[in-house]
Amino acid sequence: MVDLESEVPPLPPRYRFRDLLLGDQGWQNDDRVQVEFYMNENTFKERLKLFFIKNQRSSLRIRLFNFSLKLLSCLLYIIRVLLDDPTQGHGWSPIIWVNRSLPLWGLQVSVALISLFETMLLGYLSYKGNIWEQVLRIPFLLEIINAVPFIITIFWPALRNLFIPVFLNCWLAKHALENMINDLHRAIQRTQSAMFNQVLILISTLLCLIFTCICGIQHLERAGNKLTLFDSLYFCIVTFSTVGFGDVTPKIWPSKLLVVIMICVALVVLPIQFEQLAYLWMERQKSGGNYSRHRAQTEKHVVLCVSSLKIDLLMDFLNEFYAHPRLQDYYVVILCPTEMDAQVRRVLQIPMWSQRVIYLQGSVLKDQDLLRAKMDDAEACFILSSRCEVDRTAADHQTILRAWAVKDFAPKCPLYVQILKPENKFHIKFADHVVCEEEFKYAMLALNCICPATSTLITLLVHTSRGQEGQQSPEQWQKMYGRCSGNEVYHINLEDSAFFAEYEGKSFTYASFHAHKKFGVCLIGVRREDNKNILLNPGPRYIMSSTDICFYINITKEENSAFKKQEQHRKNNESKSYYHGPSRLPLHSVIASMGTVAIDLQDTGCRSSSGPTLTLPSEGSKNGRRSSIAPVLEVADSSSLQACDLLSDQSEDETTPSDDDISTGLEYAKGYPPYSPYIGSSPTFCHLLHEKVPFCCLRLDKGCQHNYYEDAKAYGFKNKLIIVAAETAGNGLYNFIVPLRAYYRPKKELNPIVLLLDNPPDMHFLDAICWFPMVYYMVGSIDNLDDLLRCGVTFAANMVVVDKESTMSAEEDYMADAKTIVNVQTLFRLFSSLSIITELTHPANMRFMQFRAKDCYSLALSKLEKKEREKGSNLAFMFRLPFAAGRVFSISMLDTLLYQSFVKDYMISITRLLLGLDTTPGSGFLCSMKITEDDLWIRTYARLYQKLCSSTGDIPIGIYRTESQKLTTSESQISISVEEWEDTKDTKEQINNRNNHRNSTSSDQSDHPLLRRKSMQWARRLSRKVPKHSGKTAEKISQQRMSLYKRSERQELAELVKNRMKHLGLSTAGYDEMNDHQNTLSYILINPSPDTRLELNDVVYLIRPDPLAYVPNTASSRKNSFCNTVGQDAREETQL
């Protein structure tokens, strides 16, 4: 290493001694030279130019002074005309000579000198080498005409009364006004609209024309009619307005010539000005103008920022935003870089929206456009991504830049951002509310596989509705489904609530059960005053506090509800006839009427929760068992904790592994996934493998050195598969796996997951999924039947078809789902019993799912949808059978989640907790249970609520109900059999069954006996025409023809699939069961009334307490017929 002293030689001794003696003064005598920059700006001309032209503020003062001089000269001219006597003189002399007093002459000469000097000075400063360009300018010529004659009169007094057209200074004043406005905009650093400038120019041009004509006519008529200024004004107004009374007319030819010239000038100049004004007006209409500062400070508005505005997105936003009563006075300012299309323009011209919505064409990245939208005064800013872009990552990048631009311009404006890819979410963590599309989409599709129709449940909860859909329908299920769809999530402080105030100091489950029993509301969660985390069903150990914020599900919020007490005699009559018949249950009616709900209150104070209202008569019990339900205790004690043991496995004790587990080596650990594919994913406690699986073993259809399996059947899975068909293995797909491997899922009920990918996954994704048990991938497509069979579609529980990014954009918008719909329809025809869950780009296309061309019931639902849309419903598509059953889903239906967050800032957090995207300690999770025959003794939803709260601490929030529906079949699915037709008894039974069914409305030929009889006769005639000498060969051909004739389309498809399975070496066992198609309809009842009857195979949605919130010291495994469908395996050893 070289010393610093050897690198830099020391200064000579003389310099060091001089510095010591003189200090800093020694530098003044040094050899260095001081350099001054920009010396060219220190000249006299440059300083004048800086003062008169370059400096905005000083230049503005000069322009204002010049404008004032021109106005003063015009005013002096008017004074001279008023003081002049036009009767003096005769002939043409009054036109050449005027009477000008000495003081007036002195003022006009002074103004002329100043104006001429200023003009010459500005001409000198703006001179650029071409003298004729300066001299021949019209303003310079007018200045010479108006100023030089006055200067000549100084040296030639005889010309003092010579007429000088000083009124032409009005045009110089107009020119000065235009320059002054431009300097004003530069000085205040603000760009005014071109519309304002053009209107100002038009008005000033019109005034100058009129003033010039008035002064010219008045002066020329001094030799004619001796008109005054007022007469000239009257004549000009009448002439320019094309009225032409004719009472005042010019007399001499010069004045007539001037009128002709002025009219010609007006006909040329004014149309040009109006054309420019109209053009600017049209451009202003396209760009949307400005949102004034005064309106922004006196009114409330929100800004919607989108890259391209589609009519569906606009209507979803407006309908959801203005569905809330307190947002009726808000304005919506749309900031979009593209021009408004015709559909949006027509909608915004409707009076309902034209007074509320303001469209501005501009970019969020420009501060000028943000200033036009008054972003700094906005109540909120919604930034939506363009999901129809081919490159969704690029769309996210644009969204991120928009969010940064808004945050930089208006730091205090709340941001509501929609992002597409989860890996881009951490860039906008500063936003107040963020909805990641792929996170919600995959988590929702995953829960659909274990909690049916979770997507429909969440969609209905985040949509604003009054529950009036379907109330005019003759179908009972549509009435119930439509009424329950009006339930939403609301919040209120406990101490301010009439629903929950009486439950202060009591357990959460006690408050939830009694609030539902008394008011029909479902308490699902709370939040402490000193904590920002929301807890869904914190369990029986949670004690309600007066400062808690309660979250509940109801038709409307408590503030819009009115309570009425039932008469005492009505309650006595109801109690006497309580169980006299299945239809005489207590009525808990919820009546929605214009935002106010009247709730019938049941008096629960005089009877205990375990009284006769929840106890069946002894003759209704089975096997001598008394079917009573334990009461829900106010405060959980040791005995209740024994009943609320959520950590015990109710199916079997999993602490000792079974022989099958030992033989197969299925020993899982519980912990957090060691690898996350993107930044910002919430850690979730999951079932994991002790060691990660080699990447070669993740490939389902190819064997490796560790195993030789090449199809799903060879693995011998105990549970049915869940197949996900996607284009690429994006990071969002990780959120599909995590909820299905969460720690609270029983390990014996874990379904194998097979990812059917069009493109091979990358190594980062494989690193993330190799720790999860029974997760495989396969490269293939749903277009290929062989790929479907290899991945195990014949014994799959669910098939999830994810919308492909490459098909999200199309020339015709709604055609983006064409390929997905046709592929799913093919799957539906090949595997009719397979539960297929499909994601679509456009919700309007869900009517094509499981399409039947001649199904009259579907046509009736289509008509119902149109009626609901005409009534203004936001959920017109809710009665479509695939949506009601949770078989189809569109992420655009969740856009309302972001919109609702403006009023309900907790909705995103609650939705993430329900979907398992976030795990808060002490917060419950969404699960489901199925009602079996052993559970039908509970009978009603209220008793089920009590049973759950008193035993497991679960909170039910809804029912998924499936009803048998013998839908009509198509012609191609009907096989005609001669032998069957000859059996008249069977035929009559079939006809009677069709007539008795409420939905048997098919127009097929098979439903008409006359047509079918004719077809049978036609078949017999064909059989008679066979030649008699054909013998055995003819009989054989006839049998083959008859077998082909009797074969239906269903059988042809089954034969096709079986042949492909045999060709691939797969077993056909189990495929016939998939073809046992049962026509059913399913729907959701959110927070049904307490008297709702339970039916067999009902699936109840539950919010179960967190098993890790509390662990009892002694826990015994229990077997209960009521909850034998759900088991917790948290007794296993936890490994972090």
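Values computed for the structure shown
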| read-out | value |
| --- | --- |
| Selected residue (only one of SER59, SER73, SER68 is at pLDDT below 80, among the small types (Gly, Ala, Ser) and either exposed (fewer than 14 other Cβ atoms within 10 Å of the Cβ) or in a helix (DSSP H, G or I) (or both)) | SER59 |
| Subset tally (residues that are open to solvent by less than 50 Å² (accessible area, probe 1.4 Å) and either without any contact (Cβ under 8 Å) to a residue 40 or more places away in the chain or outside any loop (DSSP other than H, G, I, E, B) (or both)) for segment 293-308 | 6 |
| Filter result (within 23 Å of THR212 (Cα to Cα), free of Cβ contacts under 8 Å to residues at least 60 places away in the same chain and either outside any helix (DSSP H, G or I) or not β-branched (Val, Ile, Thr) (or both)) within segment 143-158 | GLU143, ALA147, PRO149, PHE150 |
| Cβ-Cβ under 6 Å pairs, at least 6 apart or on other chains, segment 56-73 side within 14 Å of ASN169 (Cβ to Cβ), far side open to solvent by less than 40 Å² (accessible area, probe 1.4 Å) and among the polar types (S, T, N, Q) | LEU69/SER115; LYS70/ASN169; SER73/ASN169 |
| Among the residues listed as CYS208, CYS170, CYS236, CYS215, the single one being more than 27 Å from GLU118 (Cα to Cα) and at pLDDT 80 or above | CYS236 |
| Single unsatisfied condition, LEU447 versus (1) within 22 Å of MET846 (Cβ to Cβ); (2) open to solvent by 20 Å² or more (accessible area, probe 1.4 Å) | (2) |
| Breaking point among (1) hydrophobic (A, V, I, L, M, F, W, C); (2) buried (at least 17 other Cβ atoms within 10 Å of the Cβ); (3) at pLDDT 80 or above; (4) within 25 Å of ASP934 (Cβ to Cβ), for LEU614 | (3) |
| Unique match (being over 24 Å from LEU202 (Cα atoms) and touching a residue at least 12 places away in the same chain (Cβ under 8 Å)) among ILE237, ILE252, ILE263 | ILE252 |
| In segment 195-220, the residues that are without any contact (Cβ under 8 Å) to a residue 60 or more places away in the chain and either under 24 Å from THR249 (Cα atoms) or open to solvent by less than 10 Å² (accessible area, probe 1.4 Å) (or both) | LEU207, CYS208, ILE210, THR212, CYS213, ILE214, GLY216, ILE217 |
| First in segment 163-175 and within 10 Å of PRO139 (Cβ to Cβ), second anywhere and at pLDDT below 90 and among the acidic types (Asp, Glu), Cβ under 7 Å, 6 or more apart | LEU172/GLU143 |
| Selection status of SER308, touching an Asp or Glu at 6+ places or on another chain (Cβ under 6 Å) and among the small types (Gly, Ala, Ser) | no |
| Top-ranked residue in segment 144-179 [being among the small types (Gly, Ala, Ser) and crowded, with 16+ Cβ neighbours inside 10 Å; ranked as farthest from PHE67 (Cα to Cα)] | ALA147 |
| Number of positions in segment 668-704 that are part of a strand (DSSP E or B) and either under 29 Å from THR920 (Cα atoms) or of a type in the set (Asp, Glu) (or both) | 8 |
| Residues of segment 798-847 satisfying the condition of being of a type in the set (S, T, N, Q) and part of a helix (DSSP H, G or I) | SER806, THR807, THR820, ASN823, GLN825, THR826, ASN845 |
| Residue ID - nearest to ILE555 (Cα to Cα), chosen from residues in segment 487-500 that are open to solvent by 10 Å² or more (accessible area, probe 1.4 Å) and in contact (Cβ under 8 Å) with a residue 24 or more places away in the chain | TYR490 |
| Matching residues, segment 310-340, being open to solvent by 60 Å² or more (accessible area, probe 1.4 Å) and either under 29 Å from MET282 (Cβ atoms) or not charged (D, E, K, R) (or both) | LYS310, ASP312, PRO325, GLN328, PRO337, GLU339 |
| Close pairs (7 angstrom Cβ cut-off, 6 or more residues apart or separate chains): over 21 Å from LYS479 (Cα atoms) and part of a strand (DSSP E or B) in segment 880-902, among the hydrophobic types (A, V, I, L, M, F, W, C) and open to solvent by 10 Å² or more (accessible area, probe 1.4 Å) anywhere | VAL888/MET849 |
| Residue check, THR191 modelled with pLDDT under 75 and open to solvent by 50 Å² or more (accessible area, probe 1.4 Å) | yes |
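The values are calculated or read from the model by the stated rules, or taken from the named source; none is laboratory data. Computed from a predicted model, the values in this text were never measured in an experiment. Using ideal geometry, Cβ is built from the backbone for each residue, glycine included, and neighbour counts are taken over all protein chains shown. SASA here: full protein model, heavy atoms, side chains in, ligands and nucleic acids out. Shrake-Rupley method; radii C 1.70, N 1.55, O 1.52, S 1.80 Å.
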